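Colleague: Before I ask anything, let me first share the structure, which is written out below as structure tokens.
Every read-out reported here was derived from the displayed coordinates using simple, explicitly stated rules and does not represent laboratory data. Note that this is a predicted model, so its numbers are computed, not measured. Cβ coordinates were reconstructed from backbone atoms using ideal geometry, including for glycine residues, and neighbour counts include every protein chain displayed.
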Amino acid sequence: PSMSTLKVTNIQATGETASRAVSGVAASWVNLNGSGTIAIRDSINVASLTDNGTGDYTINFSNSFSSVNYASSGFCGEDGNMASFRNNIGFNSTSLQRVAATLINGSRNDQSLYTCITHGDLA
């Protein structure tokens, strides 16, 4: 079967009362286990992960962004101790984003829960 492309300006999910601009819908998101053997729990537009060392991960996108001028936010934590960690979003290109989980004292730490959401235009 062939795929069709539906082009819209706004989108509204079944059961929602408000619509939103398509440009506000996340282009990529991931929920990953970053402790031990890293693994994707669930995601959209994420092809794979790379473990770069302690608390340092690369998110490889399935579909590239049109530029590096996208916006990301994230969250990380370990065993319910969410408040003592910072989520650092660093090097990015149109096809990948490198992120890190850092303790308040500056050291990196593997995290059992790591999430990242990215908004921007896809290529």
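Colleague: Check region 37-53 and report whether any residue there is touching a residue at least 40 places away in the same chain (Cβ under 8 Å), closer than 27 Å to Ala21 by Cα and not β-branched (Val, Ile, Thr).
Modeller: Looking for residues that are touching a residue at least 40 places away in the same chain (Cβ under 8 Å), closer than 27 Å to Ala21 by Cα and not β-branched (Val, Ile, Thr), one finds at least one in region 37-53, hence yes.
Colleague: For the subset of region 105-123 comprising residues that are among the small types (Gly, Ala, Ser) and over 16 Å from Ser73 (Cα atoms), which member is surrounded by the fewest Cβ atoms within 10 Å (Cβ to Cβ)? Show your work before the answer.
Modeller: Narrowing region 105-123 to residues among the small types (Gly, Ala, Ser): 106-107, 112, 120, 123.
Next cut, over 16 Å from Ser73 (Cα atoms) only: 106-107, 112, 123.
Numbers: Gly106: 7, Ser107: 9, Ser112: 14, Ala123: 10.
Here the residue is Gly106.
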